[in-house]
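Okay, so here's the structure we're looking at.
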């Protein structure tokens, strides 16, 4: 029975290795993986609350997190009419954007609960 349990764990272990390798091949993923697990989860939660991410809140990098991050950046730039311009072209800009999302600095713009309506938007 222990052998069966071990064999069942192989795909799980392989998946973790693939996730780490995928993150290293992607500059966004590499920066994401440098954040603490708590910050990575908070970032995924914020993307999920905003409707940009619908996968597990697992602090792991993958195509859903990547898509959500890029979509949120584009949405924020459009919704703020250019006042917020996330920089996904530099390591510093990506890290600033990711930590800002995790800290809920963009919530008002993502959810439409902020001051964007008071400016005639």
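What follows draws every value from the coordinates through simple rules; no lab data is involved. Values in this document were obtained by computation on a predicted structure and should not be read as measured data. Virtual Cβ from ideal backbone geometry, glycine too; neighbours counted across all protein chains shown.
Going by how many other Cβ atoms sit within 10 Å of their own, how do 111, 75 line up, fewest first? Don't skip to the end; give the middle numbers.
Working: 111 13, 75 18.
Result, fewest neighbours first: 111, 75.
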What nm distance separates the two modelled labels at residue 56 and residue 107, each placed 7 Å from Cα along Cα→Cβ? 2.6
If you take the Cα Rg of the stretch 52-101 and divide it by 2.2 N^0.38 Å, with N the number of residues, what do you get? 1.15
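Which of 40, 67 comes first, and how do the rest follow, when ranked by fewest Cβ neighbours within 10 Å?
On the way: 40 21, 67 15.
Ranking 40, 67 by Cβ neighbours within 10 Å, fewest first, gives 67, 40.
For a quick check: sort 25, 87 by the number of other beta carbons within 10 angstrom, fewest at the front. Numbers along the way, then the final one.
Working: 25 9, 87 13.
Exposure proxy ranking, most exposed first: 25, 87.
Using 1/(1 + (r/R0)^6) with R0 = 25 angstrom and r between the beta carbons of residue 81 and residue 25, what's the FRET efficiency to the nearest 0.05? Don't skip to the answer; put the middle values down first.
Working: r = 34 Å, r/R0 = 1.38.
My answer for the efficiency is 0.15.
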